[in-house]
Amino acid sequence: MRAVVLEQPRSAPRFHADWPEPVPAPGEVLVEVEACAVCRTDLHVVDGELPDVRVPIIPGHEVVGRVVRRGEGAVLPEGARVGIHWLGWTDGICAFCEAGQENLCDHARFTGYDRDGGYAELIVVDARFAFPLPEDADALQLAPLMCAGVIGYRAYGFAEDAQRLGLYGFGASAHILLQVARHDGREVYAFTRPGDTEGQSLARELGAVWAGGSDVLPPEPLDAALLFAPVGSLVPAALRAVRKAGVVVCAGIHMSDIPSFPYALLWGERVVRSVANLTRMDTARFLALAPKVPVRSTVKTYPLEEAPRALDDLRSGRVHGAAVLVVRPGR
């Protein structure tokens, strides 16, 4: 099969025209990939910012495809259209799993990190972690929902009833979540890289009441701020922007070190918290909500073999919205 493979961290992934096809084990299904969105977490894997990456590894965890073969005991039928996300397996028996916090499972396995991912024509997935998708929906629209959408939705839940919501790092997650927040009647303030007028324009088009650089304060104090950019210096910046009792939610799986800041920024019962991974329940709830909004992703497409270019474009800020690899054109 065709696949893009990371052979060593901190090196460019390489396209292979004849990589060995995976075989589903009991309880797994083999999925023919239609499209796979490119996530910032893929960059963290490729750039060696996450520890203990299994190599060689096929990156990618925002996958849309169809079941073409079942392992013994797998319940999904052949031909079923499914989505695959970051969380690829949990043990189901640890204290976190039993408490409904499978996102924190100490033995979890992750797609595109220690299980081969979706930068390929075929992927194997535990059938319990594959999600039914509508037959008539565009794969390019569905793919970004599988992580950018779901992790944004999980972070959004920690903002509780915030009316004025700030989004720092206006990429795939933020541009999807802005639509959800506007659907809920909230005011959204979008923060981009300083000088990113294209990203600010997109935010306004999607309904942001204000958009500007992350180096300035919004015109009104925020009730909550969600940080999607993996930049630690944005934590004190967001604390300056939120009111007393405001919440700052760090939604990325990796972030550069947070610089020291005066206690006065935290005082006033402000809260800083992280979001770790996602759960199957998050995914099911968000996939049910998305068509009601309806969520419409701004998409930049790439053929599978150009995955390294897509990663470079994401790294340099040349992607506004979501980057998506087209694996099976026209499917």
(message) Which count do you get for residues in segment 290-325 that are without any contact (Cβ under 8 Å) to a residue 60 or more places away in the chain and assigned to a helix (DSSP H, G or I)?
(response) 5
(request) Mind counting the residues in segment 207-234 that are surrounded by 21 or more Cβ atoms within 10 Å (Cβ to Cβ) and aliphatic (A, V, I, L, M)? (result) 9
(request) Would you confirm whether any residue within segment 90-100 is of a type in the set (S, T, N, Q), free of Cβ contacts under 8 Å to residues at least 24 places away in the same chain and closer than 23 Å to Ala143 by Cα? (result) yes
(message) Return the residues of segment 10-45 that are crowded, with 24+ Cβ neighbours inside 10 Å, under 17 Å from the mean Cα position of the chain (by Cα) and of a type in the set (A, V, I, L, M); say none if nothing qualifies.
(response) Ala35, Ala37, Val38, Val45
(message) Contact list please: Cβ distance under 7 Å, first residue in segment 36-65 and in contact (Cβ under 8 Å) with a residue 40 or more places away in the chain and on the phi > 0 side of the Ramachandran plot, second residue of a type in the set (Gly, Ala, Ser) and buried (at least 24 other Cβ atoms within 10 Å of the Cβ), pairs at least six apart or on different chains.
(response) Gly60/Gly112; Gly60/Gly117; Gly60/Gly118
(request) Can you give me the number of residues within segment 133-150 that are closer than 10 Å to Glu62 by Cβ and either more than 15 Å from the chain's Cα centre (by Cα) or part of a helix (DSSP H, G or I) (or both)? (result) 8
(request) Of the conditions (1) more than 21 Å from Asp313 (Cα to Cα); (2) charged (D, E, K, R); (3) assigned by TED's automatic domain parsing to the domain that holds Arg40, Glu220 clears all except one; give me its number. (result) (3)
(request) Report the residue count in segment 91-127 for those that are of a type outside the set (A, V, I, L, M, F, W, C) and either under 23 Å from Val327 (Cβ atoms) or surrounded by 24 or more Cβ atoms within 10 Å (Cβ to Cβ) (or both). (result) 12
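The values are calculated or read from the model by the stated rules, or taken from the named source; none is laboratory data. Quick caveat, the model's predicted, so the values are computed rather than measured. Cβ: placed from backbone, ideal geometry, glycine included. Neighbour counts: every protein chain shown.
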